[in-house]
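> Sharing a structure with you now.
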Amino acid sequence: MDATADTDSLTGQLLVAMPNMQDPRFHRAVIYVCTHGPAGAMGLVINRPFTEISFKDLMAQLGIFSPRLPESMRVHFGGPMESGRGFVLHSVDWVREGTMLINDDVAMTATIDILRAIADGNGPRKCVLVLGYVGWGPGQLETELQNNSWINVPATEGLLFDPDLGAKWESAFATIGVRPSMLSGEAGHA
């Protein structure tokens, strides 16, 4: 079954932390939702650098050496869960065994093969490398949305792969015509 077949699913969308986000790990966070359904949700923060290690150092730790190693590639903080686990969120022009297609435009791969391909210059056209992820149990994300912790917005290639991490939070709000300063921290319940 296609992960996006459920019309209530947020798979393939962005979650943007509301200005009143209390958890400092997610203040001004933009998260790409990789899976969402009755069993819970999983996503990757796409606007935070992982400052503990560079891409070049990570490749060296993995024994991947290449003269074509992209200098501009960086490692992102994908979330607080399993920070030693890596994921590459990428365009669908590179799909191999172990790649999960999220939708028609975005895939995720968590194998070392994609890192070797990126290092050799044969990887996907667009990609974001993250360490760690964000996870929600059944109903947890829905509760956080009701409590006004997040707003969901459509994911665009520009937002997803833009290297300007500092601008992603406000840019995500701008896609729905909203300035964060216009938002109330109070949840509305009838």
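The values are calculated or read from the model by the stated rules, or taken from the named source; none is laboratory data. Everything quoted here is computed from the prediction, not taken from an experiment. So basically every Cβ, Gly included, is an ideal-geometry build from the backbone, and we count neighbours across all protein chains shown.
> Filter region 132-155 for residues that are within 12 Å of the chain's Cα centre (by Cα) and hydroxyl-bearing (Ser, Thr, Tyr) and give the result.
Tyr133
> Looking at region 119-131, can you tell me whether even one residue there is over 14 Å from the mean Cα position of the chain (by Cα), farther than 19 Å from Leu44 by Cβ, surrounded by 14 or more Cβ atoms within 10 Å (Cβ to Cβ) and of a type outside the set (Asp, Glu)?
Within region 119-131, one or more residues are over 14 Å from the mean Cα position of the chain (by Cα), farther than 19 Å from Leu44 by Cβ, surrounded by 14 or more Cβ atoms within 10 Å (Cβ to Cβ) and of a type outside the set (Asp, Glu).
> Okay, next question. Mind checking which residues of region 21-53 are among the polar types (S, T, N, Q) and either closer than 16 Å to Met81 by Cβ or at pLDDT below 90 (or both)?
Of everything in region 21-53, those that are among the polar types (S, T, N, Q) and either closer than 16 Å to Met81 by Cβ or at pLDDT below 90 (or both) turn out to be Gln22, Thr35, Thr51.
> Further question: How do the pairs read when you match residues in region 54-83 that are surrounded by fewer than 14 Cβ atoms within 10 Å (Cβ to Cβ) and modelled with pLDDT of 90 or more with residues anywhere that are in a loop (DSSP other than H, G, I, E, B) and not hydroxyl-bearing (Ser, Thr, Tyr), using Cβ under 8 Å and keeping only pairs 6 or more apart or on different chains?
Cβ pairs passing all conditions: Gln61/Ile53.
> Looking only at region 138-157, decide whether some residue is in a strand (DSSP E or B) and surrounded by fewer than 12 Cβ atoms within 10 Å (Cβ to Cβ).
Looking only at region 138-157, we keep the residues that are in a strand (DSSP E or B), and these are 150-154.
Filter again for surrounded by fewer than 12 Cβ atoms within 10 Å (Cβ to Cβ), leaving 154.
Yes, there is a match, as at least one residue in region 138-157 is in a strand (DSSP E or B) and surrounded by fewer than 12 Cβ atoms within 10 Å (Cβ to Cβ).
> Kindly indicate whether any position in region 152-160 is touching a Lys or Arg at 6+ places or on another chain (Cβ under 9 Å), in contact (Cβ under 8 Å) with a residue 24 or more places away in the chain and more than 24 Å from Lys56 (Cβ to Cβ). Walk me through how you get there before you give the answer.
Taking region 152-160 first, the residues touching a Lys or Arg at 6+ places or on another chain (Cβ under 9 Å) are 157, 159-160.
Then keep just the ones that are in contact (Cβ under 8 Å) with a residue 24 or more places away in the chain; that gives 157, 159-160.
Narrowing further to those that are more than 24 Å from Lys56 (Cβ to Cβ): 157, 159.
Checking region 152-160: at least one residue is touching a Lys or Arg at 6+ places or on another chain (Cβ under 9 Å), in contact (Cβ under 8 Å) with a residue 24 or more places away in the chain and more than 24 Å from Lys56 (Cβ to Cβ).
> Within region 34-53, can you find the residues that are surrounded by fewer than 19 Cβ atoms within 10 Å (Cβ to Cβ), among the small types (Gly, Ala, Ser) and not in a loop (DSSP other than H, G, I, E, B)?
Gly37, Gly40
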